[in-house]
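What follows is a short report on a single structure.
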Amino acid sequence: MSKPTSQETAFSFIPRAYRPPKPRKFGLTEARAPYYATFGTRHLADVLDVAGQWVDGIKWAGGSFALLPREQVRAFSDLAHQHDAYVSSGGWIETALRYGPEAVEKYLKEAKESGFDVIEISTGFISIPTSGLLRLIEQVKKAGLKAKPELGIQFGSGGDSSEAELAAEGKKDVGDLIARARKALDAGADIIMIESEGITENVVDWNTGAVARIINEVGLEHVMFEAADPPVFEWYIKNYGNEVNLFVDHSQVLQLEGLRQNIWGNKSTWGRIINPAPRS
């Protein structure tokens, strides 16, 4: 039986699968900031007061921060930092890239001023060569921010396109994703976000073979998977253990963490998620 987790929780006499304290290097949970659900700092404060020790980062989506007053964006960052959580931009750099190098430079400057820690470099809607991706990583790092390229196998991913629209675009080979991920990490990327479209989202059958290749050839610790659907994040935990890095909706943090720690589950996972604590 695993030892209790190191964090102070209620009913801590019940053993659970090991989870290291923050700041964690693996088993990261990144939670979505306002986008599909519109909420403010009071709601986020409630979420972090209750589950902050299980939230490693807050990620904006769809450029929603560009619709808020600047002081509100900064307030979100300050609140996240008070709970030792980083702030990630989401993939909005694609929009800045449409307007040229000066727009990208201003984007990174304001992101830094707004308290962002991580810039996601998404390429789901644009075609950019690997050399261009590597230059963006270098630019992000020079701006004093962490670089998180988002890579996928489905062109047109990252928005709300239908399954039929994405199918018409076709899929890229997972080998290309792996090669780009390795080069991005060599260039200084801190972690690679794996886009869910074409893998577990907007597909008839999940592309589990692509997941296996990405994990085996890039490394579990170097990738984070989009998994904002309970059957998806359960599948990742069941097949790859509680150290897999996942991006979920903020409403799902406790459900995911209960699964990570083996305190609950469904028929196929209940009582089966094990991770022994390191020997002291």
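The values are calculated or read from the model by the stated rules, or taken from the named source; none is laboratory data. For clarity, every value in this text was computed on a predicted model and none was experimentally measured. Positions of Cβ are generated from backbone atoms using ideal geometry, with glycine treated the same way; all protein chains shown enter the neighbour counts. For accessibility, only protein heavy atoms count, side chains too; no ligands or nucleic acids. Shrake-Rupley method; radii C 1.70, N 1.55, O 1.52, S 1.80 Å.
Miscellaneous remarks
- Figure legend. Inter-residue proximity from the stretch 59-75: first residues at negative phi, second residues of a type in the set (D, E) and open to solvent by less than 60 Å² (accessible area, probe 1.4 Å), beta-carbon distance below 7 Å, spacing 6+ or different chains. Indicated pairs: K59/E30.
- Selection status of N266, more than 29 Å from F155 (Cβ to Cβ) and at pLDDT below 95: yes
- Of the numbered criteria (1) surrounded by fewer than 22 Cβ atoms within 10 Å (Cβ to Cβ); (2) hydrophobic (A, V, I, L, M, F, W, C); (3) within 30 Å of R272 (Cα to Cα); (4) modelled with pLDDT of 95 or more, the one M1 fails is (4).
- Checklist (1) out of contact with any Leu (no Cβ under 9 Å at 6 or more places or on another chain); (2) buried (at least 16 other Cβ atoms within 10 Å of the Cβ); (3) within 17 Å of I137 (Cβ to Cβ) applied to S196, failing item: (3)
- Residue check for L48: open to solvent by 10 Å² or more (accessible area, probe 1.4 Å), touching a Leu at 6+ places or on another chain (Cβ under 8 Å) and closer than 30 Å to A10 by Cβ: no
- Within the set L166, L177, the sole residue that is modelled with pLDDT of 95 or more, part of a helix (DSSP H, G or I), open to solvent by less than 20 Å² (accessible area, probe 1.4 Å) and not basic (K, R) turns out to be L177.
- Filter result for the condition that a residue is open to solvent by less than 10 Å² (accessible area, probe 1.4 Å) and of a type in the set (D, E), over E113, E120: E120
- In the stretch 84-91, the count of residues that are in contact (Cβ under 8 Å) with a residue 12 or more places away in the chain, open to solvent by 80 Å² or more (accessible area, probe 1.4 Å) and closer than 26 Å to F225 by Cα is one or more.
- Every residue from the stretch 180-193 that is under 20 Å from K25 (Cα atoms) and open to solvent by less than 50 Å² (accessible area, probe 1.4 Å): A181, A184, L185, A187, G188, A189, I191, I192, M193
- Any chance G40 is under 15 Å from Y86 (Cβ atoms) and without any contact (Cβ under 8 Å) to a residue 40 or more places away in the chain: no
- Flag for G40 being more than 30 Å from G241 (Cβ to Cβ) and at pLDDT below 95: no
- Filtering the stretch 111-140 to residues that are of a type in the set (D, E, K, R) and either within 19 Å of the chain's Cα centre (by Cα) or closer than 20 Å to A85 by Cβ (or both) leaves K112, E113, D117, E120.
- The condition of being surrounded by 13 or more Cβ atoms within 10 Å (Cβ to Cβ), among the small types (G, A, S) and over 20 Å from F247 (Cα atoms) holds for only one of A61, A75, that being A75.
- Residue among K172, K148, K141 that is open to solvent by 70 Å² or more (accessible area, probe 1.4 Å), at pLDDT 95 or above and either in contact with a strand residue (DSSP E or B) (Cβ under 9 Å, 6 or more places away or on another chain) or not polar (S, T, N, Q) (or both): K141
- Listed here are the helices (runs of 4 or more DSSP H) enclosed by the stretch 194-280 that have at least 1 residues being of a type in the set (D, E) and touching a residue at least 60 places away in the same chain (Cβ under 8 Å): 253-260.
- Note on the stretch 221-234: among residues that are within 16 Å of the chain's Cα centre (by Cα) and open to solvent by 10 Å² or more (accessible area, probe 1.4 Å), the one that is farthest from A10 (Cα to Cα) is H222.
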